[in-house]
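Presented below is the structure to which this report refers.
All of the numbers you see were taken from the coordinates with simple rules; none came from a lab. As the structure is a prediction and not an experimental result, all values here were calculated from the model. Counting neighbours? That spans all protein chains shown, and the Cβs are built from the backbone with ideal geometry, glycine included.
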Amino acid sequence: MFIFFALPAIAWEELSTLLAIKKSWKVIKTTWVEIIGAITFSNMIFLLTIIPILVLYFLQESGSISEDVVIYILLIMCCFMFSFTTLIQQLFSAEIYLWFLKWETTCKNALQEDEVLPNFNEIDRPTFFDQIPNLAVGNKFD
């Protein structure tokens, strides 16, 4: 999961590898609760995808499906499960990283205007599903 925070720093902020690693560590230290929530959610999705595997096992045990067919289906299912849970973790990581950038920008603005620094959770969480383009980093994507 650590690399999921270093890659956005490299891609979106054009940081060097060392600076990206330092930035990702800073993100992880600040947002560890949200990261645990993301990991828990993706693991629950993973557990839900195990249900079809159990159905296959019982069908194979009852003799309804041959063992060869079960092996091929299991191979496909395992690839799907791994890819899908990795995608979910990457989406959550990108969202958390952009939320961190939004918090960081708000803190810089508050320092310049001599205001109280906001807590991380006081900042509205950006989302992929709203109609406001608040996931963009600065004006870079305009």
remark   = The size of the Cβ-based charge dipole (Lys, Arg +1; Asp, Glu -1) of the chain about the Cα centre, to the nearest 20 debye, is 320
message = Just to be sure I understand the model, the point goes 7 Å from the Cα along the line to the Cβ. What's the resulting VAL116 to THR17 distance in nm?
response = 4.4
inquiry  = Give the average over all directions of the projected area of the C-alpha convex hull of the chain, one decimal, in nm².
reply    = 11.5
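Could you tell me which helices of the chain pass both thresholds, a Cα extent of 27 Å or more along their own axis and a mean Kyte-Doolittle hydropathy of at least 0.5, with helices taken as whole DSSP H runs? Before the final figure, lay out the partial values.
Numbers: long enough: 67-112 (67 Å, 0.91).
The answer, listed by residue number, is 67-112.
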